[in-house]
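Input: a single structure, listed below in structure tokens.
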Amino acid sequence: MQTTFTSLDGILALLPSLPGRLAPIQETLITNLIMLGEIPSPTFEEEARIKLFLQRLVECGLPDVSGDEAGNGVGIIPGRNPDRNILLVAHADSVYTDKTDHSLSVLSDEIIGPGVADNALGLAVLATLPSLFEMLGLQLDANLVLLSSSKGLGRGNLDGLRFFMENNILPMEAGICVEGAQLGRLSYSAEGMFRGYINCRIPEDLGWQRAGQNSAIIALNDVINRILEIPIPRRPRTSIVLGAIRGGKSYNIMATQSSLRFEVRSESAGQVQAIRERVEDIVAHATSTHNAQFEFSVVSSRDPGGIDVGHPLVKSCRRIMECLELETEIRPSMSEVSELIARGLPAVTLGITEASNLHDLDETIRIKPIYTGLAQLLAVLFAIDGGLCNEPE
Amino acid sequence: MNLNEWIHSNTIHHSQFWDLKKLVEEKQRQGLKISLCLPTLNEEKTIGKEIVMFKSELVDRYPLLDEIAVIDSGSTDRTRDIAATFGADVYLSADILPQYGEKKGKGENLWKAVYQLTGDIIVYVDADIKNIHPRFAYGLVAPLIYRPEVHYVKAFYDRPLAFSQGVRPSGGGRVTEILVRPLFSLFFPDLTGLVQPLSGEYAVRREVLDKIPFPIGYGVETSHLIDVYEKWGMEAIAQVDLDQRVHRNQETRALGKMAFGILRAFLVRAEALGVIGKLPELSTFLRQFQVSNANFEQIAYEIVEEERPPMIELPEYREKFGVAL
């Protein structure tokens with residue numbers, strides 16, 4: 001199979017037949033998906049899943065396979081030119097605890113189970129690429145660096161990827177973040193963001209006589225109302241998402257503890273900072289009025305940024321997706337791509353298949369579109385490898 | 001060999017067989033053919049996963065299995081569709097040897113597999129395993145490949161999730177510990193060496209499978225063990241620890257039916273072998289209680305433990321495989 005292309009048209013000509021040629025990899029891919037996806041991998045506890053990922057790469061005969069101090073797993077599919085590298089990233093963590101039943105069900109047209117799309121499938125694709133290259137007899141010019149990153153979600157704050165980017169010695173030309181869902185997504189910019197955690201405690205010694213007058217729920221409710229009063233501009237686009245709230249024990253017991261998790265996003269770094277300062281003021285005010293102890297912490301944050309819509313990598317991705325008749329959904333991302341772009345590496349996030357019930361226990365992916373997703377990924381790799389995604393000097 | 005020696009030498013952990021490349025080389029050197037049989041009845045949730053995994057790992061990556069077959073008892077869900085989608089050979093039990101009629105039960109499927117499948121070794125794996133892994137097949141087949149004196153390999157599952165002291169109880173499920181182990185202790189003490197005699201996963205050589213009868217219902221595992229023990233001795237039996245197996249949990253009442261079927265099959269065997277004296281005619285009805293509006297009612301379930309003869313007694317089988325009685 002041809003792997004060296006001097007124009008995107010050559011790659012596009014190959015595309016219509018590509019999904020069909022990828023179908024024989026089905027058993028290997030689904031097996032990797034089951035094996036990886038059925039290992040619980042909550043953020044900070046990805047070790048077992050990443051260990052299996054590395055084991056699968058070793059079984060494929062990859063020469064450079066290793067883990068690092070941050071718990072990431074890395075393997076390299078060697079190219080012809082040892083000086084060139086393309087980075088492929090899939091985060092190994094999922095939003096489910098190890099108490100969740102991680103069994104997947106494989107039906108004839110879909111696969112169901114917690115985390116199957118986000119991101120067991122992304123990781124399984126990376127684990128399957130060596131077999132896919134072997135099946136098609138492919139070798140690229142650049143090395144393909146397959147990174148299964150740890151600590152990606154929530155409080156993990158992309159720490160695994162950040163460690164890798166800070167300490168990695170290989171010069172990278174471009175990055176692709178692989179997500180199970182959704183096929184057609186294209187992310188090449190990041191919004192500014194911070195995730196905040198507010199914890200409220202009322203001293204235990206407030207007796208039952210005062211129940212109703214004060215409680216951690218009432219105090220937190222006041223904070224929430226004030227956060228909702230913060231003016232949000234339409235431009236630059238900004239949002240506050242109140243994600244989760246916890247507090248109290250039962251019907252008739254005064255709540256002594258409550259907490260709020262929320263996220264602020266904006267295209268403007270200044271807006272993100274301004275809202276953060278407002279929240280700090282609100283919390284300080286509530287501490288004095290409610291005789292409560294408030295703690296406000298920022299658990300993760302990102303700076304806004306992105307590559308230009310006219311960047312050759314973005315343009316190549318869009319043309320490849322059009323050729324595969326995918327409806328391109330362009331959206332900013334909070335995930336791995338933001339970290340790569342912030343470090344000056346041209347990068348995009350691509351989805352592999354159609355999915356539904358995301359982050360529910362019956363998260364579902366469709367099997368057939370996976371081959372279109374894989375064809376898209378290979379085509380983008382060919383384009384990067386052929387130097388077709390570099391910005392003009 | 002005394003029982004302790006047997007437990008020591010014939011109880012094996014699957015991790016001993018991690019080197020699949022070596023296992024496949026030895027299999028090829030001996031020219032063996034291996035068939036995997038998955039008996040099914042409405043297993044759409046798990047069957048696809050099992051087939052995909054065995055095919056990817058034990059057919060494509062390491063060519064250990066020559067045949068993956070589903071023998072279905074007439075599922076009304078998508079079991080057969082899904083199995084065919086992922087490339088298994090799918091058979092309806094009723095279509096195999098139709099001249100001998102159709103009986104309902106897992107043992108019927110296992111028996112018909114002996115005729116339908118072509119392997120020198122058949123490995124049976126239940127289709128309801130949630131945490132399926134290639135070890136469920138290679139772990140059972142490996143002792144047969146490496147040790148010619150072993151004919152029948154049974155799975156057991158023992159992986160403590162957390163245990164701090166040096167000694168802990170181990171064994172089978174409720175029916176094993178309450179019924180089968182006491183029966184074996186009384187009448188076939190050697191067979192108490194099996195940790196989980198009722199497990200549904202085992203690999204067997206054809207020359208053993210075609211010479212033993214198959215109860216079609218719950219009694220098939222118990223009866224196989226007794227027959228293999230009587231004909232070939234404990235040396236022919238081995239057991240492999242496959243770590244943890246996750247499957248559906250059964251209610252106590254359902255286990256009552258299972259125990260009834262096993263007990264019937266056991267008594268018939270014990271009588272035939274002269275281990276116990278002549279039995280009166282045994283009832284086929286199990287009676288359980290239910291309460292409706294404070295009235296206690298009995299429900300009678302008929303549990304018939306019919307038996308299929310050794311396959312070698314069928315002329316069709318002898319012709320297909322070129323063997324004589």
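Only one of B:GLY101, B:GLY87, B:GLY31, B:GLY105 is more than 21 Å from the chain's Cα centre (by Cα), away from chain A (no Cβ under 12 Å) and at pLDDT below 95. Can you tell me which?
Values: B:GLY87 fails: away from chain A (no Cβ under 12 Å); B:GLY31 fails: at pLDDT below 95; B:GLY105 fails: more than 21 Å from the chain's Cα centre (by Cα).
On inspection, the qualifying residue turns out to be B:GLY101.
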Scan segment A:256-270 and give yes if some residue there is part of a helix (DSSP H, G or I), within 30 Å of A:ILE307 (Cβ to Cβ) and modelled with pLDDT under 90, otherwise no. yes
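In this structure, is B:ILE96 more than 14 Å from every other protein chain (Cβ to nearest Cβ), among the aliphatic types (A, V, I, L, M) and surrounded by fewer than 23 Cβ atoms within 10 Å (Cβ to Cβ)?
Values: more than 14 Å from every other protein chain (Cβ to nearest Cβ): yes; among the aliphatic types (A, V, I, L, M): yes; surrounded by fewer than 23 Cβ atoms within 10 Å (Cβ to Cβ): yes.
Criteria met by B:ILE96.
Restricting to segment B:38-48, name every residue that is more than 22 Å from B:GLY119 (Cβ to Cβ) and outside any loop (DSSP other than H, G, I, E, B). Please lay out each step first, then the result.
To start, the set of residues in segment B:38-48 that are more than 22 Å from B:GLY119 (Cβ to Cβ) comprises B:41-42, B:44-46, B:48.
Passing the criteria: only B:GLY48.
Residue-wise test of (1) in contact with a Ser or Thr (Cβ under 6 Å, 6 or more places away or on another chain); (2) assigned to a strand (DSSP E or B).
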{"residue": "A:PHE163", "(1), (2)": "no, no"}
{"residue": "A:GLU166", "(1), (2)": "no, no"}
{"residue": "A:ILE169", "(1), (2)": "no, no"}
{"residue": "A:GLY175", "(1), (2)": "no, yes"}
{"residue": "A:VAL178", "(1), (2)": "no, yes"}
{"residue": "A:PHE194", "(1), (2)": "yes, yes"}
{"residue": "A:ILE198", "(1), (2)": "no, yes"}
{"residue": "A:PRO203", "(1), (2)": "no, no"}
Filter pass, B:ARG29 being basic (Lys, Arg), within 20 Å of B:PHE17 (Cβ to Cβ) and crowded, with 18+ Cβ neighbours inside 10 Å: no
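Going by the conditions given, is B:ILE132 within 11 Å of chain A (Cβ to nearest Cβ), surrounded by 23 or more Cβ atoms within 10 Å (Cβ to Cβ) and in contact with a strand residue (DSSP E or B) (Cβ under 8 Å, 6 or more places away or on another chain)?
Details: within 11 Å of chain A (Cβ to nearest Cβ): yes; surrounded by 23 or more Cβ atoms within 10 Å (Cβ to Cβ): yes; in contact with a strand residue (DSSP E or B) (Cβ under 8 Å, 6 or more places away or on another chain): no.
So B:ILE132 fails the test.
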Given B:LEU198, B:LEU225, B:LEU191, which one is in contact (Cβ under 8 Å) with a residue 12 or more places away in the chain, assigned to a loop (DSSP other than H, G, I, E, B) and not acidic (Asp, Glu)? B:LEU198
From A:SER268, A:SER288, A:SER259, grab the single residue that is of a type outside the set (A, V, I, L, M), within 28 Å of A:GLY160 (Cα to Cα) and either more than 24 Å from the chain's Cα centre (by Cα) or in the same structural domain as A:GLY154 (by TED's automatic domain parsing) (or both). A:SER259
Is it the case that A:GLN26 is free of Cβ contacts under 8 Å to residues at least 12 places away in the same chain and within 14 Å of chain B (Cβ to nearest Cβ)? no
Out of A:ALA274, A:ALA269, I need the residue that is in contact with an Asp or Glu (Cβ under 9 Å, 6 or more places away or on another chain) and surrounded by fewer than 18 Cβ atoms within 10 Å (Cβ to Cβ). Which one? A:ALA269
Being farther than 20 Å from A:ASN167 by Cβ, within 14 Å of chain B (Cβ to nearest Cβ) and touching a Ser or Thr at 6+ places or on another chain (Cβ under 9 Å), is that true of even one residue in segment A:9-18? no
Taking segment A:239-266 as the search range and keeping residues that are under 23 Å from A:GLN293 (Cβ atoms) and in contact with a Lys or Arg (Cβ under 6 Å, 6 or more places away or on another chain), which one is surrounded by the fewest Cβ atoms within 10 Å (Cβ to Cβ)? A:ALA244
Which members of segment B:203-229 meet the condition of being over 13 Å from B:HIS151 (Cα atoms) and not aliphatic (A, V, I, L, M)? B:PRO213, B:PHE214, B:PRO215, B:GLY217, B:TYR218, B:GLY219, B:GLU221, B:THR222, B:SER223
Among the candidates B:VAL204, B:VAL246, single out the residue that is β-branched (Val, Ile, Thr), assigned to a loop (DSSP other than H, G, I, E, B) and under 21 Å from B:PHE136 (Cα atoms). B:VAL246
Considering segment A:91-106 alone, what residues qualify as being of a type in the set (A, V, I, L, M) and touching a helix residue (DSSP H, G or I) at 6+ places or on another chain (Cβ under 6 Å)? A:ALA92, A:LEU104, A:VAL106
What helices (runs of 4 or more DSSP H) completely inside segment B:56-163 contain at least 2 residues that are touching a Gly at 6+ places or on another chain (Cβ under 9 Å)? B:79-85, B:106-116
Tally time: how many residues in segment A:290-300 are surrounded by fewer than 17 Cβ atoms within 10 Å (Cβ to Cβ), modelled with pLDDT of 85 or more and of a type outside the set (D, E, K, R)? 4
How many residues of segment B:73-93 are crowded, with 24+ Cβ neighbours inside 10 Å and over 20 Å from B:HIS133 (Cα atoms)? The answer is 1
I'd like the residue in segment B:47-70 that is within 7 Å of another protein chain (Cβ to nearest Cβ) and touching a strand residue (DSSP E or B) at 6+ places or on another chain (Cβ under 8 Å) and, out of all such residues, is surrounded by the fewest Cβ atoms within 10 Å (Cβ to Cβ). B:LYS55
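How many residues, within segment A:29-58, are away from chain B (no Cβ under 14 Å) and of a type in the set (Gly, Ala, Ser)?
Going through segment A:29-58, the residues away from chain B (no Cβ under 14 Å) turn out to be A:41-47, A:49-51, A:53-54.
Subsequent filtering for residues that are of a type in the set (Gly, Ala, Ser) retains A:41.
The number of residues fulfilling the criteria is 1.
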Just a yes or no: is a residue in segment B:235-242 buried (at least 23 other Cβ atoms within 10 Å of the Cβ), closer than 23 Å to B:GLU313 by Cα and under 17 Å from the mean Cα position of the chain (by Cα)? no
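The values are calculated or read from the model by the stated rules, or taken from the named source; none is laboratory data. As the structure is a prediction and not an experimental result, all values here were calculated from the model. FYI the Cβ positions are ideal-geometry reconstructions off the backbone, even for glycines, and counts take in every protein chain you see.
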